[in-house]
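J.: Got a structure here, written out as structure tokens. Questions coming.
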Protein chains: 2
Amino acid sequence: MTDSNDSDATLPYPEFGIRPGEVAGELPATFDAGLYYIGRIRTPWTRRADCPKNARESDALCTVEIAPAFRPALEGLDGTSHVWLLYFMDRAPRDLLVQVPNTYGKGRGTFALRSPARPNPIAMSAAQLVAIEGGNLIVRGLDCLDGTPLLDIKPYFASTDAIPDAVVGWHMARRNGDSGPT
Amino acid sequence: MTDSNDSDATLPYPEFGIRPGEVAGELPATFDAGLYYIGRIRTPWTRRADCPKNARESDALCTVEIAPAFRPALEGLDGTSHVWLLYFMDRAPRDLLVQVPNTYGKGRGTFALRSPARPNPIAMSAAQLVAIEGGNLIVRGLDCLDGTPLLDIKPYFASTDAIPDAVVGWHMARRNGDSGPT
């Protein structure tokens, strides 16, 4: 386990940097818990600029490669229409508290955004489960970089996960017709 | 890092254990990434048996305590109706691949379940944001233990997160009227 300074020094995220109006904090000196990468997500996108801005904009089929040791945990997932994929945005900085998204220009707190830059850069996407093939998943509806480390797969339960009338305050206020969460 | 037998012996989760039909795997020898606990969730429930079976069954107000260093990241979250809370189920075993839930009796893969026991025990709940008070959140719709470590807060975007017609194969097949994801 490295401390936060070591990991900051070695991470390759040239696309990120502090913009005017952004605020970075000091991260704790040590981690509190650890993560296993349980697989990798294969997508058509190898640069951040090429990724779809909104996962629902893309019909691309992606492959979720599950490490062989974890494949028995897929038992019973067939017949499920959508899955949550949790993955680790390992190229994102973790110390940004207030961010100025490229497209908006207004600073907002990290917890009010879905930016990959956050203290624990865990992303979650609801993807359509198209097929299970040889211990891997074929899915539709992702927007992440090729090779992104996988953390978890969960079935999507509409009874607890679907809130169609939820609103995001600052996003409503923009009223410009863009419905994306980036 | 201990092997699965050692971790069984040292973790305080008396409620968990291998039931007939369950399968445990061997976890990797080292972690691939680290997590910071950014706060704690305060709920009325101190024992697993007391937690609501389904978060939507409970109207209890819970407090999400944000560590002071991360409070600037709440900027702009006001006016948002629902948030995703990601938290770490730090008492759950991580090596179970096939589980036999108490209430069903049939073994299913960890990735087909929402059980807290999983390789990376990250739970996610969509909670109603009732208020932001003194840098903490007051929310409704949680079912976790008091003191659960917080990992992330994200705004709920209906455009990407709400899939009201999603179905879970094995759950549909049960056809017993219980709509919970446990």
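J.: Show B:MET172, B:MET124 ordered by accessible area, largest first, where the area counts protein heavy atoms only and the probe is 1.4 Å.
T.: Numbers: B:MET172 110, B:MET124 15 Å².
These residues rank, largest area first, as B:MET172, B:MET124.
J.: Rounded to the nearest 5, what % of the DSSP beta bridges within the stretch B:35-157 are antiparallel ones? Before the final figure, lay out each step's value.
T.: Numbers: 30 of 30 bridges.
If I count the DSSP bridges inside the stretch B:35-157, around 100 percent turn out antiparallel.
J.: Please name the residues of the stretch A:39-74 whose accessible area, counted over protein heavy atoms with a 1.4 angstrom probe, falls by no less than 10 Å² between the chain alone and the full protein assembly.
T.: A:ASN54, A:ARG56, A:ALA69, A:PHE70, A:PRO72, A:ALA73
J.: Let me ask something else about it. Quick check on the stretch B:35-157: take the gyration tensor over C-alpha atoms, sort the square-rooted eigenvalues as a ≥ b ≥ c, and tell me if it's rounded (a/c under 1.5), prolate or oblate.
T.: Values: a/c = 2.08, a/b = 1.76, b/c = 1.18.
Here the stretch B:35-157 falls in the prolate category.
J.: Could you compute how much accessible surface B:SER159 exposes when probed at 1.4 Å, giving the result in Å² to the nearest 10?
T.: 40 Å²
J.: Hey, for A:ALA173 with labels 7 Å out along Cα-Cβ, what do the inter-copy distances come to in nm, ordered shortest first?
T.: Values, ascending and in nm: 4.9.
J.: Can you send over the carbon and sulfur percentage of the accessible area for the stretch B:35-157, probe radius 1.4 Å, protein chains only? Please list the in-between numbers first.
T.: Numbers: 1950 of 4230 Å².
That share works out to 46 percent.
J.: Moving on to the next point. Mind checking the per residue accessible area of the stretch B:35-157 for me, 1.4 Å probe, whole number of Å²? Each step should come with its number before you reach the end.
T.: Details: 4230 Å² over 123 residues.
That works out to 34 Å² for each residue.
J.: Please report the buried accessible area for the interface of B with A, total over both chains, probe 1.4 Å, in Å² to the nearest 100. Please list the in-between numbers first.
T.: Values: alone 11280 and 11290 Å², together 15610 Å².
That pair of chains buries around 7000 Å² in total.
J.: In sequence order, what are the phi-derived ³J(HN,Hα) couplings for the stretch A:20-31 according to the Karplus relation 6.51 cos²θ - 1.76 cosθ + 1.60 with θ = phi - 60°, rounded to whole Hz, with x for glycine and proline?
T.: x, x, 8, 10, 10, x, 9, 7, x, 6, 9, 7
J.: If you don't mind, there's one more thing I want to ask. Any residues in the stretch B:126-157 that have 10 Å² or more less accessible area with all protein chains than in their chain alone, probe 1.4 Å, and which are they?
T.: Flagged in the stretch B:126-157: B:ALA126, B:LEU151, B:ASP152, B:ILE153, B:LYS154, B:PRO155, B:TYR156, B:PHE157.
The values are calculated or read from the model by the stated rules, or taken from the named source; none is laboratory data. Note that the coordinates shown come from a computational prediction; the quantities given were computed from them, not determined experimentally. Reconstructed Cβ throughout: ideal geometry from the backbone, glycine too, with neighbour counts over all protein chains shown. The accessibility values were calculated without ligands, DNA or RNA, using every heavy atom of the protein model including side chains. Shrake-Rupley method; radii C 1.70, N 1.55, O 1.52, S 1.80 Å.
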